[in-house]
Amino acid sequence: MTDTTQQFASDNYAGICPEAWAAMAEANQGHQRAYGEDSWTARAADEFRRLFETDCEVFFAFNGTAANSLALAALCQSYHSVICGDTAHVETDECGAPEFFSNGSKLLLARTEQGKLTPEAIREIALKRQDIHFPKPRVVSLTQATEVGTVYRPAELQAISQTCRELGLHLHMDGARFANACESLGCSPAELTWKAGVDVLCFGGTKNGMAVGEAILFFDRKLAEDFDYRCKQAGQLASKMRYLSAPWVGVLQNDAWLRHARNANQCARRLAELVADVPGIELMFPVEANGVFLQLSEQAAEALRARGWRFYTFIGAGGARFMCSWDTELERVEALARDIRDVMGA
């Protein structure tokens, strides 16, 4: 594919935001110490502590698969299990990495409601079997925003956290689109994490304007013991770590991360509004972040692709996902909506 026009298949299609680009250029001046001992990595960690209003442990990884998998491995022994949603990214799109890095911890799939885990579903899985022949539940992993674009409210997180405490489980959050969730709810990062009982957050930067780089935040410092060794062993200790951490300084300062998430969310809401009245179109899930999931006929989907549009169709028969990005332009959203209306005969 050589077309460089804005597309809606994934927010990974977007380029680097100017704040991240400028920070990398600034970090490229002169020499810095290697392996995370540089000033940029220290600044980025401090920016996270400021933003989250707590003295958390901060680590950096190349991508979300490594961040999630290493975080879960730190919370589990090989004979433990992780409770997650049946559509969770750690289950469907990480090639067994959570099991690999934990030396075998099993993923247990729980039913979800509009993509979200519930205390009842967690309790059902955790208490299903408690004999020595079954992997012992140790962690709950949830995704914020979810794989279907919905978001957990603070009260929902608190209820899940309370359930975890009752059952002796840790709570991990896959925050690939955490910025979008914060913007959607108007909540602070602290309110959606440690204040609600989250133990570990994997904060995604790639889907919100960075080239590479995810941050792993341990709100319970004891859980981060020897995590730096895990990162090294897994090939995640970059020798020139400043190029992973400096972009975070750029996007966290002056709330650029939140502005970019706001643009993506607003574009998604606008797309949903523009096609809401089209006969034959059905919104599959509430639009609460930067994704729009539409029930679309295969004929309509092929017609849109023939016009050059790129999007994913993996949420069941007839489901199409349209993702908006930090740099999505409203004009492009409106053009897509016009073509959707046209191919549907509206």
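The values are calculated or read from the model by the stated rules, or taken from the named source; none is laboratory data. From a predicted model like this one, the values you see are computed outputs, not experimental measurements. Positions of Cβ are backbone-derived with ideal geometry, glycine not excepted, and every protein chain shown enters the neighbour counts. To get the accessible areas, we keep the full protein, side chains included, count just its heavy atoms, and leave off ligands, DNA and RNA. Shrake-Rupley method; radii C 1.70, N 1.55, O 1.52, S 1.80 Å.
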Item to check | Sites matching chymotrypsin sites (Phe, Trp or Tyr not before Pro) across region 51-111 that sit in DSSP coil, with at most 11 neighbouring C-beta atoms within 10 Å | outcome: none
Item to check | Of the GluC sites (Glu not before Pro) in region 37-133, those whose Cβ has at most 16 other Cβ within 10 Å and which sit in DSSP loop | outcome: Glu37, Glu53
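Going through region 45-126, which trypsin sites (Lys or Arg not before Pro) have at most 13 other Cβ atoms within 10 Å and a DSSP loop state? The partial results should precede the final answer.
Values: sites: Arg49, Arg50, Lys106, Arg111, Lys116, Arg123; in loops: Arg111.
Loop-located and lightly packed - Arg111.
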Checklist outcome for this item: log10 I(q)/I(0) for region 256-344, Debye formula on C-alpha points only (no solvent), q = 0.14, 0.18, 0.26 Å⁻¹, two decimals, reads -0.44, -0.73, -1.46
Next on the checklist: Taking θ = phi - 60°, what integer Hz values does the Karplus form 6.51 cos²θ - 1.76 cosθ + 1.60 yield along region 209-216, in sequence order, with x for Gly and Pro?
Outcome noted: x, 9, 6, 8, x, 10, 10, 10
Item to check | Accessible surface, per residue, of region 102-166 when the full set of protein chains is kept, probe 1.4 Å, Å² | outcome: 48
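Compute the length gained on full extension between Arg338 and Asn103: take 0.36 nm times their separation in residues and subtract their Cα-Cα distance, giving the result in nm to one decimal.
79.6 nm
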Checklist entry - Tell me, what are the semi-axes, in whole angstrom and largest first, of the equivalent ellipsoid of region 18-252 as set by the roots of 5 times the Cα gyration tensor eigenvalues? => result 30, 19, 15
Checklist entry - How about the chain: what cysteines have no other cysteine beta carbon under 4.7 Å from their own? => result Cys17, Cys56, Cys76, Cys84, Cys95, Cys164, Cys182, Cys187, Cys202, Cys231
Next on the checklist: In whole Å, what are the extents of region 199-323 along the principal axes defined by its C-alpha atoms, from largest to smallest?
Outcome noted: 55, 32, 29
Checklist outcome for this item: Inter-part gap, Cα centre of region 216-288 to Cα centre of region 109-133, in whole angstrom, is 26
Next on the checklist: If I stretch the segment between Asp55 and Glu37 completely, what's the gain in nm (0.36 nm per residue apart, minus their alpha carbon distance), one decimal?
Outcome noted: 4.6 nm
Checklist entry - With labels modelled as points extended 7 Å from the Cα through the Cβ direction, what inter-label distance (nm, one decimal) is found for Asn12 paired with Ser78? => result 3.0
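List, in the order given, every pair from Lys116/Lys232; Lys195/Lys240; Lys116/Lys240; Lys207/Lys240; Lys106/Lys240; Lys195/Lys232 whose Cα-Cα distance in the structure shown is over 26 Å.
Details: Lys116/Lys232 33 Å; Lys195/Lys240 33 Å; Lys116/Lys240 38 Å; Lys207/Lys240 22 Å; Lys106/Lys240 34 Å; Lys195/Lys232 30 Å.
From the list (Lys116/Lys232; Lys195/Lys240; Lys116/Lys240; Lys207/Lys240; Lys106/Lys240; Lys195/Lys232), the Cα-Cα distance tops 26 Å for Lys116/Lys232; Lys195/Lys240; Lys116/Lys240; Lys106/Lys240; Lys195/Lys232.
Restricting to DSSP H runs of at least four residues, report the calculated mean residue ellipticity at 222 nm for the chain, -39500 (n - 2.57) per run over all residues, nearest 500 deg cm²/dmol.
Numbers: 13 runs with 136 residues, N = 346.
That comes out to -11500 deg cm²/dmol.
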Checklist entry - In the neighborhood of Gly175, defined by Cβ-to-Cβ distances under 11 Å, what is the net charge if each Lys or Arg adds +1 and each Asp or Glu adds -1? => result 0
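Please work out the FRET efficiency for the pair Lys232 and Asn254, using the Cβ-Cβ distance as r and a Förster radius of 51 Å; give the result to the nearest 0.05. Present the calculation step by step, with values, prior to reporting the outcome.
Values: r = 33 Å, r/R0 = 0.64.
After rounding, the FRET efficiency stands at 0.95.
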